[in-house]
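Enquirer: Questions regarding the structure given below will be posed in turn.
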Amino acid sequence: MQGSPNGGFLISKIKQIQARVFERLLAGRGGGRFSGAQGRILYVLWRNDGIPISRLAEATGLTKTTLTGQLDRLESGGYIRRAPDPTDRRKAVIRLTDAAQTLRPDYDEVSRQMNRLFYRGFTDAEIADFEGKLTRILNNLTGKEE
């Protein structure tokens, strides 16, 4: 390999551009009701509502401090509520409101648009190979984080 690898730089740059494009597409669908970062939280909750903050932090990759601020904004917007954990009253779980459920079609459509942009010109085999390699990188980093 010639030169030094720059995969980390490329991933970081892709993430930044992706976030801006996602926000623009979301705004075009009447968005502005929530940010891309908040959308990531809502996405996890749409798949698994009523989970504790620690599991939500793990699933989103956000630190608990960052997550708490985003949850405060989602709660003040009427999209989530904190409820007592039925198995441990000392903890809270995050639950979606009916208002959050109405946001899902717009989020899903923007996600489909983003996937089309990400993978334009890729074959199914290339997508599988690429995502396999990204998963390996994620596992390498996750192992080091713990």
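Bear in mind that the values in this text are calculations on the coordinates, not laboratory data. Note that this is a predicted model, so its numbers are computed, not measured. Ideal geometry is used to build each Cβ from the backbone, glycine not excepted, and the neighbour counts take in all protein chains shown.
Enquirer: For a quick check: sort Arg82, Arg120, Arg40 by the number of other beta carbons within 10 angstrom, fewest at the front.
Expert: Arg120, Arg82, Arg40
Enquirer: Still on this structure: Any chance you could check the Cα centroid distance between the range 68-112 and the range 1-63 for me, in angstrom?
Expert: First find each Cα centre; the distance between them is then 16 Å.
Enquirer: I would also like to ask the following. Binned at 10 Å from 0, what are the whole-percent values of the Cα-Cα distance distribution for the range 6-79, short to long?
Expert: Distribution as computed: 18, 45, 33, 5, 0 percent.
Enquirer: Rounded to the nearest 500, what is the 222 nm mean residue ellipticity of the chain from helices alone, with -39500 (n - 2.57) per DSSP H run of 4+ residues and division by all residues?
Expert: Only helices count here, giving -21000 deg cm²/dmol.
Enquirer: Please report the projected area of the chain's Cα convex hull averaged over all directions, in nm².
Expert: 11.1 nm²
Enquirer: Also, I was wondering about something else. Against the longest alpha carbon principal axis of the chain, how many degrees, from 0 to 90 and to the nearest 10, is the axis of helix 124-145 turned?
Expert: 60 degrees
Enquirer: I would also like to ask the following. Note the angle between two axes, namely the Cα long axis of helix 64-76 and the longest principal axis of the Cα atoms of the chain, as a number of degrees from 0 to 90, rounded to the nearest 10.
Expert: Helix 64-76 sits at roughly 60 degrees to that axis.
Enquirer: Give the cross-link partners of Lys144 among the lysines, using a straight C-alpha distance below 24 Å as the criterion and excluding same-chain residues fewer than 8 apart.
Expert: The reachable lysines, counting only those whose Cα sits under 24 Å from Lys144, are Lys13, Lys15, Lys64, Lys133.
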